[in-house]
Amino acid sequence: MIRFLRNHLSFRKLIRLIADIRYGTYHVIMFLLISVCLNCNYGSIYRLPMIGTLIAGFVVIVYLDIYSIKQTYKFYNNIEVAMAGDNTLLLARAKLEKRMFSNLNWLIILIPPIFILPIVIYIIKCPLGLLIKIFAYTALYIIIALCLVGYMQYVNLIRLAHDCLKEADQISLYDHTRPHKTEWVVKLASLTNKQSNLFFFVGAGFIALLYLITLTDYYAVRMDEIFSKAGVLFLWAIATLAIVVMFPVFSLYSYFCIKNLIVKLVDKEIRECINIQNMSGRSRKMQRHLELLRNFSQLKILVLEKAPAYPQKPFVAYAASYIIAAINFVATVQAAISLVEYIP
């Protein structure tokens, strides 16, 4: 039974399924889902308010999450070649694989929605037809689950950067003249930057959705009921912690991990150059050869000292993150101001 579950409920298969499906197939699936949604809403006595806005948000968030998962899976498959020949890097990649495809990840995409969906269902008091209600809450679960999957993969990339930083002195496979141009470092930095920007956009989408549901009159959320009020405050607390606080923390941590990794690799090269200089100063044999090595090492130190500490310009790489983070913060502050009057 356990073997059957491992084979048929493998988290690796889920990630591979999401990553391998062509975008054309996703377009067809999305078209069918939207068609079913509109027909369910049209045929319902009680229709879902702001259906166009909700569909647009659903489409954007789903495609961003799918793109994120695809990019991480592609990076995982391609990075093995760039890391080949270095046992330390291959061990770090093996840890990434174990984290990405662990079946324990099922708990992460099943448990949080169990706490979130019932609260959303409870606080929305506007009447809805049965079919559109089932469809709407199923769609909400889909975007929450996909976001959690992509979010976990993003965190796993940061942990990969952390593992490489921790074992930087043991790494031998990198550009010894320009560590910031090392292939696997550039790919890791590029992907973490991209994922950071993506999830700030996804977070903005969730904040906008939460704002629409809880702070407008479309869904008849009643803040005069104690349980409804507690549910709204709970949802905003989750959004604030997971999006407004944790997204910037993860983004900055990934930046500093990669920056410090490059700094360590540069320092390692400089130490080796200094050792060569010391060796040439002590030895009288092969003096000409060692003198050339010494001159080369001095030149190399100058190059290393002027090398950037990051593969990209930090502001350019994180520009979108900074802007969306500011928007998310302002929106959350505005929501907090609106909710203060309901707090006893």
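Nothing in this text is a laboratory measurement; each read-out follows from the coordinates by a stated rule. In this text, all values refer to a predicted model and were calculated from it rather than measured experimentally. Methodologically, a virtual Cβ is constructed for each residue, glycine included, from the backbone with ideal geometry; neighbour enumeration extends over all protein chains shown.
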Review point. Which ones in the range 15-28 are surrounded by 12 or more Cβ atoms within 10 Å (Cβ to Cβ) and hydrophobic (A, V, I, L, M, F, W, C)?
Key: I15, I18, A19, I21
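Just checking, which of L107, L91 is of a type outside the set (K, R), within 26 Å of H162 (Cα to Cα), out of contact with any Gly (no Cβ under 8 Å at 6 or more places or on another chain) and surrounded by fewer than 13 Cβ atoms within 10 Å (Cβ to Cβ)?
Values: L91 fails: surrounded by fewer than 13 Cβ atoms within 10 Å (Cβ to Cβ).
L107 is the lone residue from the list that is of a type outside the set (K, R), within 26 Å of H162 (Cα to Cα), out of contact with any Gly (no Cβ under 8 Å at 6 or more places or on another chain) and surrounded by fewer than 13 Cβ atoms within 10 Å (Cβ to Cβ).
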Practice item. Go through (1) touching a helix residue (DSSP H, G or I) at 6+ places or on another chain (Cβ under 8 Å); (2) in contact (Cβ under 8 Å) with a residue 60 or more places away in the chain; (3) of a type in the set (A, V, I, L, M) and name the single condition A220 misses. Key: (1)
Check your understanding: Do you know which residues across the range 76-131 are hydroxyl-bearing (S, T, Y) and either touching a Pro at 6+ places or on another chain (Cβ under 9 Å) or without any contact (Cβ under 8 Å) to a residue 60 or more places away in the chain (or both)?
Key -> Y76
**Study point:** Of all residues making up the range 162-184, the number that are crowded, with 20+ Cβ neighbours inside 10 Å and part of a loop (DSSP other than H, G, I, E, B)
**Key:** 3
Exercise for review: Being within 14 Å of the chain's Cα centre (by Cα) and of a type in the set (F, W, Y) is the filter here, so list the residues in the range 198-218 that pass it.
Suggested key: F199, F200, F201
Review point. Can you find a residue in the range 190-206 that is touching a helix residue (DSSP H, G or I) at 6+ places or on another chain (Cβ under 7 Å), closer than 27 Å to I226 by Cα and surrounded by fewer than 17 Cβ atoms within 10 Å (Cβ to Cβ)?
Key: no
Check your understanding: Out of the residues in the range 136-161 that are surrounded by fewer than 21 Cβ atoms within 10 Å (Cβ to Cβ) and among the aromatic types (F, W, Y), which is nearest to L38 (Cα to Cα)?
Key -> Y137
